[in-house]
Amino acid sequence: MDIATNLLYFSIINGGGIVLASIGEWLSERSGVLNLGIEGLMSLGAVTAIIAVLSFHNPWIALIITCGVGAICGIIFAICAIIIKANQVLCGLAFTMLGIGIAEFIGKPYEGIIATEHLQPMPIPFLSSISTIGYIVFSQNIMVYLIYIIIPLTIYVVFFKTQHGLNVRAVGENPEAADAVGVPVTRIRFFYSCLGTILGTLAGGYLILASVFTWSGGLIAGQGWIAIALVMLGRYRLVYMILSGVFFGFITAIGFEGQVFNWPIPPVILNSLLYIFAIIFAIFPSFLAKNNSKKWRAPAALCTPFFRSNR
Amino acid sequence: MEILKRRHFIGGIGSFFLPSYAQAETTPLSSISLLPQDGSIAFCYSGPKTDGGWGTLHERGRLEVSKYFPKLRITSIENVPYSIQATRLFRYLIAEGVQMIITNSNYDNFLHDVSNYAQNVSFTECNGHITTANLGWFYLDHWYAFYIFGYISALITKTNKLGFISSFPIPSVYSAVNAITLGARKINPLINVQVIHTGSWFNPKVTIQAANALCDQGCDILLSIMNDMSYLRVAEQRNIKAFLYNNMTPPIRSKAYINSILCDFSNMYIQQIQQRMNGTWNSKPVLLKLGQDYNIFRWGTSISSTIRYQATALYENILRGYNPFQGPIYNNKRQLKVTSNTTMKNIDLYQWNWAVEGVTGL
């Protein structure tokens, strides 16, 4: 297997966490709720996954427990941000701080212990035998297929091909109008922000079970923020978000390949490439999308609480 | 409000210098003996104590110390960063009345500044390079163990490429990588060692990424000096082999595991603390010896008896006094650095700061 093939294989695995978290954030934002707590949720997910996998020795049970923790967090977040209508930005930031804090606290005794089990590669018959692509794309673990193919396709069909999807998008764009035609705004927002939180937490669990295998303080290291940025930079398009996620996975991997190839760049800079590219990524799409700003904009009612009495 | 006058400034400047003058007059108190109930010792770790490697090992040493001195007040602090925060922590510990600070990593000037300021406290740092009246260091002559690891690697490798996951380009890393390279090239002069720096002692995420990058490059044996052993999982996945660094409970059943350095710091710690209590402590560096304070014999089940036999022969040779670090040794720019008939002494090996021929990335 040559270097480029392996590099792409691991780019897909490394990028999975960011992509899953950004899909969660996308779902939440499409229904008009900004969830800035992804970083904390990913930390919580990661720590839950490591504790669960060390206790039950089964990655699937670990993922299910991670989803459960995500659901509980989601319900708390949704009660604060949607029912009580507290400021969404502040709620999100509070979740980030709380999540990271709790994760570091609970995870202290588990730091550095390697997960006993992890997600095994599951090559797809026939497709995995295609020469290069077969190895890169179709010889991955099942979570990779879920993150890159099944979840985005399902979301695409639900959001853009069904009446329900139209309703959700309407809630994100103009909740008053949606409410006027009988769409249950609060219920939809509650459900999708919970779903977003579950995916965010699952992203942390995925990191432990598919790519890092061990917990340490500061494991997430800004990936949650990058996921939130990806939604905005990907201009709310799933395809762009996924491609950018893989690109970030690639950047993470290339830093070390650079050292192996003895590039005349100091290791410190190579190790911080991810953050450098996050900044570059934040700037460039703005130039490209200048003339098309309407098409690329965020949901109009993002971050706006819905008060029925104000209609 | 009182108006500031010149005399206030002069007084202020004067009082700024006063404490440093007063300190210069203080006599070192580290020679005064202590009663166990009055003693207070602090252990500071660069990573967590649960890392299953370096941190766990030191923590076990600390637990042995607290068993040996049950009345002594012993604290341990994890994840001490290499920054001014470390200095702040050491100062805080001193203010709390700690009489001896032991660190499991090299904090260099962050510790040196504090040791100058607190002459009555004893400081011992692992892998340190500064020795003053109250600051000493300890380390293990790991280059002999790594030489044997290099030698074994040469018997196992098929690609002639060994990968080394390093933290920072510091002398202990140079000596480890150089020893591996010399040991491997003793058998097969075509072997190369590729080094990757991760920029930290404990960061499993980057360790795994570095291990993957080394595998992509064709390395079929991984070695490291990191605190954790997360790269073993990469080795298992990629069907290659790995040596571990400092694991008390090496996973001998793992198909990727070859061998590990097993070090026991407890005797050294107890000795140092006993000396401090007796008032006989001095800052003389301590170098732990292969075969006495640390060992390398927990083989993985996948390693054949022929390889074990050859390694044992070399090991016994080294214990008998054989020093494999003999000239001629060239650096990686093909310049002769150690002439023939010259043997590198332990202190030269400890302060090694150039890479030998066959090392890339260092």
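The numbers here are math on the coordinates, done by the rules we state, and not lab data. Computed from a predicted model, the values in this text were never measured in an experiment. Cβ sites come from the backbone with ideal geometry, for glycine too, and all protein chains shown count toward neighbours.
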Would you calculate the separation in nanometres between label points at B:Glu64 and B:Asn353, each defined as 7 Å from the Cα along the Cα-to-beta-carbon direction? 3.3 nm
Equivalent ellipsoid semi-axes, the stretch A:1-109, via Cα gyration tensor eigenvalues times 5, rooted, Å: 27, 19, 12
Counting only other residues whose beta carbon sits under 13 Å from that of A:Gly200, what net charge do I get with K and R as +1, D and E as -1? -3
Who wins for biggest fluctuation among B:Gln237, B:Gln351, B:Gln326 in a Gaussian network model of chain B, springs between alpha carbons below 10 Å? B:Gln237
May I ask which residue of A:Gly222, A:Thr201, A:Cys91 lies farthest towards the positive end of the charge dipole of chain A, with charges of +1 (Lys, Arg) and -1 (Asp, Glu) on Cβ and the Cα centre as origin? A:Cys91
Taking each residue of A:251-261 in turn, how many C-beta atoms of other protein chains fall within 10 Å of its C-beta, and what is the average? 6
Among trypsin sites (Lys or Arg not before Pro) in the stretch B:321-362, those in a DSSP loop whose Cβ has at most 12 other Cβ atoms within 10 Å are B:Lys333, B:Arg334, B:Lys345
Can you find, among B:Gln310, B:Asn134, A:Ile18, the residue sitting farthest towards the positive end of the charge dipole of the protein assembly as shown, where Lys and Arg contribute +1 and Asp and Glu -1 at Cβ? A:Ile18
Assigned charges on the beta-carbon of Lys, Arg, Asp, Glu; the stretch A:3-310 dipole about Cα centre (debye): 920 debye
Report, to one decimal in Å, the Kirkwood hydrodynamic radius for chain B based on all distinct Cα pairs. 21.9 Å
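Rg/Rh for the protein assembly as shown to two decimals, with Rh computed the Kirkwood way over all alpha-carbon pairs.
Checking Rg against Rh, the ratio lands at 1.03.
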Ignoring chymotrypsin sites (Phe, Trp or Tyr not before Pro) buried by more than 11 other Cβ within 10 Å or outside DSSP loops, the longest site-free run in chain A is A:127-306
Given R₀ = 41 Å, FRET efficiency for A:Ser131-A:Ile269 by Cβ-Cβ distance, to 0.05? 0.75
Charge sum, other residues only, whose C-beta stays under 15 Å from B:Leu89's C-beta, Lys/Arg counted +1 and Asp/Glu -1: -3
Quick one: of B:Lys161/B:Lys255; B:Lys161/B:Lys186; B:Lys241/B:Lys337; B:Lys289/B:Lys345; B:Lys186/B:Lys337; B:Lys161/B:Lys241, which pairs are farther than 22 Å apart, Cα to Cα? B:Lys241/B:Lys337
Can you give me the orientation-averaged projected area of the convex hull built on the Cα atoms of the stretch B:132-274, in nm²? 9.4 nm²
quick shape note, the stretch A:19-75: Cα extents on principal axes in Å, largest first -> 38, 21, 17
Taking a straight Cα-to-Cα line shorter than 18 Å from B:Lys67, and setting aside same-chain aspartates and glutamates fewer than 8 residues away, one finds B:Asp38, B:Glu59, B:Asp264
Environment charge of A:Ile82, counting only residues whose C-beta is closer than 11 Å and scoring Lys/Arg +1, Asp/Glu -1: +3
Is there a simple number for the mean count of other chain Cβ atoms within 10 Å of the Cβ of residues in A:206-213, and what is it? 3
Chain A: relative contact order from alpha carbon pairs under 8 Å, six or more residues apart, as a whole percent, is 37 percent
Calculated from DSSP helices alone, with each H run of at least 4 adding -39500 (n - 2.57) and the total divided by the residues of the protein assembly as shown, [θ]222 nm to the nearest 500 comes to -16500 deg cm²/dmol
For the charge dipole of the protein assembly as shown, defined by +1 on Lys and Arg C-beta atoms and -1 on Asp and Glu C-beta atoms about the Cα centroid, which residue among A:Ile149, B:Tyr68, B:Leu89 has the Cα displaced farthest towards the positive pole? A:Ile149
Build a GNM of chain A with springs between Cα atoms under 10 Å: which of A:Ala221, A:Ala253, A:Ala78 gets the top mean-square fluctuation? A:Ala221
For the stretch B:95-165 versus the stretch B:257-332, the gap between their alpha-carbon centres in whole angstrom: 14 Å
May I have the count of lysine pairs in the stretch A:3-310 with C-alpha atoms under 29 Å apart, counting pairs 8 or more residues apart or located on different chains? 5
Over chain A, consider all pairs of different Cα atoms and compute the Kirkwood hydrodynamic radius from their mean reciprocal separation; express it in Å, one decimal. 20.0 Å
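Would you mind getting me the FRET efficiency between A:Ala282 and B:Ala95? Use the beta-carbon distance for r and R0 = 41 Å, nearest 0.05.
My answer for the efficiency is 0.40.
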Set the Förster distance to 45 Å, then compute FRET efficiency between B:Ser302 and A:Gln163 from the Cβ-Cβ distance, nearest 0.05. 0.15
If you put +1 on each Lys and Arg Cβ and -1 on each Asp and Glu Cβ, how big is the dipole of the protein assembly as shown around its Cα centre, in Debye rounded to 20? 780 debye
Gaussian network model of chain A, Cα within-10 Å springs - most flexible of A:Ala21, A:Ala103, A:Ala94: A:Ala94
